[in-house]
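Below you'll find the structure, written out as structure tokens, and then a few comments.
The values are calculated or read from the model by the stated rules, or taken from the named source; none is laboratory data. Only a predicted model underlies this, so the values are computations on that prediction, with no experimental measurement involved. Here the Cβ is made from the backbone with ideal geometry for all residues, glycine too, and neighbour counts use every protein chain on show. Each accessible area value is taken on the protein alone, full model and side chains, heavy atoms only, with ligands, DNA and RNA left out. Shrake-Rupley method; radii C 1.70, N 1.55, O 1.52, S 1.80 Å.
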Amino acid sequence: FPETFTAKFGISGAYNPNATFEQGLAYDGGGRDWTGYDDGSRDLPAVLADATADGMFLRPRSFTNPSGLSPDELEVLGEALAENSTYNLFDERLDPNLGVSGALGNSFSIGERHRFGFLGAFSYGNKWSNLSEIRNTFKASDAGLQRGDSVSVRRTVQNIDFSGFLNLGYEFSDAHKLSLNTMLLRQTENEAKQTEGLEDSQIVQRTELQWLESDLFSNQFLGEHQLPFQDIKLDWQYTDAKATRSEPNTRSYRRDDDDEDGVFVYSTRADSNSQTFGDLEDNLTSWGLNVSVPFTFSNGEFSLLAGINDIDRNREASIRTFSFSGRIFGDVVLLPQDEVLVPDNIGNRRLQLRESTQPTDNYTASQNIDSRYLGVDFGWNDKFRVSAGLREESNLQEVVTADLSNPNAPPVLGTIDQTDRLPSLALTWLYSEAAQLRFGYAESLSRPDFRELSPAPFIDPVLDIITVGNPALETTNIKNYDVRWEYYFSPSDTLSLAAFYKEFDKPIEKTFSSGGSAKIVVLQNAIAAEVFGVELDFHRELGFMNNYRWLDKIKLGDINWEHFYIAANYSRIESTVDIDTALTTQTNAERALQGQSPYVGNLQFGYDNPDSETEWTFLFNQFGERISQAGVQGQPDIFEQPFPQMDFVYKRQFGDGWSLGVKLKNILDAEVEFKQGNEVTRRYEKGREASFGISRSF
């Protein structure tokens, strides 16, 4: 918490040339969508919620199911769902992005040795983006890649973010501190998407309307204590957190251009329409205790370290999907979706509500990670330092996927039950006042997430494609080796050169579905992988350039370079992965690791003067071609192509506590492109953005 009273409030706006004041896709939502909270207009109708409560599956009455719902009952439920939903898209002018933030804190002395303080902050943002892209799929053939689907996608996305935190702290006896951190992170995404083009040799138009609320609320209690004997330091924490995800009434429907005349009509095919209601709740509790016991001797210092930690997580994830099936006749097929799904068209021998929830759509999960560690930290003669430790983690993780439509069917289990011992060792040799060598070895883990252990499908947020988990996934074990040389021109100017090597046992990768359609990504363990490379890192203030008189000749001699700086890092990386060809249909048994770029470079140039009212920075990033999805059944891998990205940040102090900030994002606006062989599978532009903010500190 702050030593004295502090307060800061700010407001910001942003202009995106592709979105701000431009026409975007929209639909009728709720009256308080701007807050990020649905007002209930997307809720499952009460009669339908009652009919499907406690996991009851919606079944029509039949000879084999005499207890099912009658046609009249299904008609009532279908009309309720249709009347509670809107389906049509329209164009709407998009507003500028808006943000508001604030912070407030203070501290107070209580007697001579006690102090209480607090710090609270909040942030709200409402942001729009308009995206257009091209997507193609290809199939392998003797003649090479043959085009399958080819569609254009138009997406308008509204992101409404809210975050807030409150920190309370209490210090007493100069050796003890207690803290409480409360945090809320909330993100809402409102998306309208329309896809149009060739799918499975047919001209199709697909529409999707999605509202997605996600939030995380946590309370963390912490303590730091300096014990009066042997200078023992002890710290502890207890955390209780809850994450939720709500997806009320995602509407997806298709319309077909059967005559290829530009007229799209209501589709009666199996995937013609769906309405999905999803809920997820994830609860976590954790606690930990760490102890440090220092010792000193004539030539150095020595510390013993120990700690224990426990994490418990539980999750319930539920998806219920409904659709209308049946026939409609005459000119009704030409009507907009809102006028097709009306009571007159819903009923027996017309459109009838049915539940199309998939067997993999509902799962429960639990995880317990119990860990403990021992370590030593040894410094000798101000020249050498050795840190070593051993951490043991016991992980019991289980995901149970149940079929609501067949409650007697055995559930699909994804289970990981293993104990790992993870050693680490770090050696540092400070061989001069300006340079040192570091050597390191550590073992680490990468565990599958809950949804990756369930066959339940989810949308990959980066690829925007259906991804299916795998209950047979195993934990990835990683061995890390590195050596680094560091040289310090000054306390702030550095140059370092590093070499690293990593061994992966059973790395998890994204591949196409075995059907080769490239419309679904599945997760699989490879046998092993290796990554090795070098990294150069550099930071230097440019005051030395004031001594170069030749700069006068290019009209730069009048600049005082003292507070300008340049920073850069570059990594060159080689990777290989070992695939079990007997267990997979992947095309390439030898290739780079999925997602690993052969190089990554960053460059930063800026001005930072503590005595000045102005500071600014240019940032540039470039990465090398990397595998986005591994190909199967003769299809080449899909590679994300390199593209440059440059940003600019400017800040100016003025007046009494006022500050102006400017951010220019993605100045170059280069195309994002994915290629399969020489063919483009996906292409889009992220779009530029200019944001402006003003704040006042007190």
### Query
What are the residues in segment 437-452 that are in contact with a Ser or Thr (Cβ under 8 Å, 6 or more places away or on another chain), touching a residue at least 40 places away in the same chain (Cβ under 8 Å) and within 26 Å of ALA472 (Cα to Cα), if any?
LEU445, SER446, ARG447, PRO448
### Task
Go through ALA434, ALA526 for me and flag whichever is under 23 Å from ARG626 (Cβ atoms), open to solvent by less than 30 Å² (accessible area, probe 1.4 Å) and either among the aromatic types (Phe, Trp, Tyr) or touching a residue at least 40 places away in the same chain (Cβ under 8 Å) (or both).
ALA526
### Task
Specify the residue that is modelled with the lowest pLDDT; the eligible residues are those in segment 645-665 that are farther than 20 Å from LYS127 by Cβ and open to solvent by less than 40 Å² (accessible area, probe 1.4 Å).
GLY657
### Query
modelled with pLDDT under 90 and buried (at least 17 other Cβ atoms within 10 Å of the Cβ), is that true of LYS519?
no
### Task
Of all residues in segment 49-72, count the ones that are open to solvent by less than 40 Å² (accessible area, probe 1.4 Å) and in contact (Cβ under 8 Å) with a residue 60 or more places away in the chain.
4
### Query
Any idea which of ASN309, ASN314, ASN219, ASN283 is farther than 30 Å from PHE172 by Cα, modelled with pLDDT of 95 or more and touching a Ser or Thr at 6+ places or on another chain (Cβ under 6 Å)?
ASN314
### Query
Across segment 469-496, what is the total count of residues that are within 20 Å of ILE527 (Cα to Cα) and either of a type in the set (A, V, I, L, M) or surrounded by 17 or more Cβ atoms within 10 Å (Cβ to Cβ) (or both)?
9
### All positions within segment 497-507 that are over 28 Å from the mean Cα position of the chain (by Cα) and crowded, with 18+ Cβ neighbours inside 10 Å
ALA498
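Results for (1) over 26 Å from the mean Cα position of the chain (by Cα); (2) over 25 Å from ASN602 (Cβ atoms), shown as yes or no for each residue.
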residue: SER444; (1), (2): no, no
residue: ASP449; (1), (2): no, yes
residue: PRO455; (1), (2): no, yes
residue: LEU463; (1), (2): no, no
residue: PRO471; (1), (2): no, yes
residue: ILE478; (1), (2): no, no
residue: THR494; (1), (2): yes, no
residue: HIS539; (1), (2): yes, no
### segment 251-263 - residue that is assigned to a loop (DSSP other than H, G, I, E, B) and free of Cβ contacts under 8 Å to residues at least 60 places away in the same chain and, of those, surrounded by the most Cβ atoms within 10 Å (Cβ to Cβ)
ASP257
### Message
Can you pull out every residue in segment 1-43 that is closer than 27 Å to ARG688 by Cα, in a strand (DSSP E or B) and open to solvent by 30 Å² or more (accessible area, probe 1.4 Å)?
### Response
PHE9, ILE11, SER12, TYR15, GLN23
### Task
Determine the pairs where a residue that is without any contact (Cβ under 8 Å) to a residue 12 or more places away in the chain, located within segment 609-625, has a partner that is crowded, with 16+ Cβ neighbours inside 10 Å and of a type in the set (D, E, K, R) with Cβ atoms under 7 Å apart, the partner being 6 or more residues away or on another chain.
none
### Task
Answer yes or no as to whether LYS139 is in contact with a Gly (Cβ under 6 Å, 6 or more places away or on another chain), basic (Lys, Arg) and in a strand (DSSP E or B).
yes
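Here's the yes/no breakdown for (1) more than 30 Å from ALA19 (Cα to Cα); (2) of a type in the set (S, T, N, Q); (3) assigned to a strand (DSSP E or B):
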| site | (1), (2), (3) |
| --- | --- |
| PHE57 | yes, no, no |
| GLU73 | yes, no, no |
| GLU79 | yes, no, no |
| SER109 | yes, yes, yes |
| GLU112 | yes, no, no |
| ARG115 | yes, no, yes |
| PHE122 | no, no, yes |
### Task
Have a look at SER252, SER267 and point out the one that is of a type in the set (Ser, Thr, Tyr), under 30 Å from GLY36 (Cα atoms) and either at pLDDT 95 or above or in contact with a Lys or Arg (Cβ under 6 Å, 6 or more places away or on another chain) (or both).
SER252
## Note on the structure
ARG350 meets each of (1) more than 37 Å from the chain's Cα centre (by Cα); (2) closer than 30 Å to LEU425 by Cβ with one exception, condition (2)
#### Entry: Residue match in segment 356-364 (condition: open to solvent by 20 Å² or more (accessible area, probe 1.4 Å), modelled with pLDDT of 95 or more, of a type outside the set (Lys, Arg) and within 30 Å of ARG385 (Cα to Cα))
no
### Message
Could you tell me how many of the residues in segment 109-134 are crowded, with 16+ Cβ neighbours inside 10 Å, within 28 Å of LYS686 (Cα to Cα) and small (Gly, Ala, Ser)?
### Response
3
### Task
Filter segment 285-311 for residues that are open to solvent by 30 Å² or more (accessible area, probe 1.4 Å) and of a type in the set (D, E, K, R) and give the result.
GLU301
### Query
Of all residues in segment 357-415 being polar (S, T, N, Q) and in contact with a Gly (Cβ under 9 Å, 6 or more places away or on another chain), which is nearest to SER446 (Cα to Cα)?
GLN397
### Query
Of LEU222, LEU216, LEU212, which residue is touching a residue at least 24 places away in the same chain (Cβ under 8 Å), farther than 30 Å from ARG320 by Cβ and in a strand (DSSP E or B)?
LEU222
### Task
Go through segment 598-640 residue by residue and tally those that are touching a Phe, Trp or Tyr at 6+ places or on another chain (Cβ under 7 Å), in a loop (DSSP other than H, G, I, E, B) and at pLDDT 95 or above.
2
### Query
Taking segment 142-160 as the search range and keeping residues that are surrounded by 19 or more Cβ atoms within 10 Å (Cβ to Cβ) and polar (S, T, N, Q), which one is farthest from the chain's Cα centre (by Cα)?
THR156
### Query
Of the conditions (1) farther than 28 Å from PRO471 by Cα; (2) surrounded by fewer than 17 Cβ atoms within 10 Å (Cβ to Cβ); (3) in contact (Cβ under 8 Å) with a residue 40 or more places away in the chain, LEU390 fails just one. Which one is it?
(3)
### Task
Select from segment 568-604 the residues that are under 30 Å from LEU542 (Cα atoms) and touching a Lys or Arg at 6+ places or on another chain (Cβ under 7 Å) and list them in ascending order.
TYR599
#### Entry: Number of the condition not met by LYS139 [criteria: (1) open to solvent by 70 Å² or more (accessible area, probe 1.4 Å); (2) without any contact (Cβ under 8 Å) to a residue 40 or more places away in the chain; (3) farther than 22 Å from THR156 by Cα]
(2)
### Task
Please state which one of LYS177, LYS139, LYS127 is closer than 21 Å to PHE9 by Cα and among the basic types (Lys, Arg).
LYS127
### Message
I'm trying to understand the selection: among the residues of segment 294-306, which are modelled with pLDDT of 95 or more and either at positive phi or not small (Gly, Ala, Ser) (or both)?
### Response
LEU304, LEU305
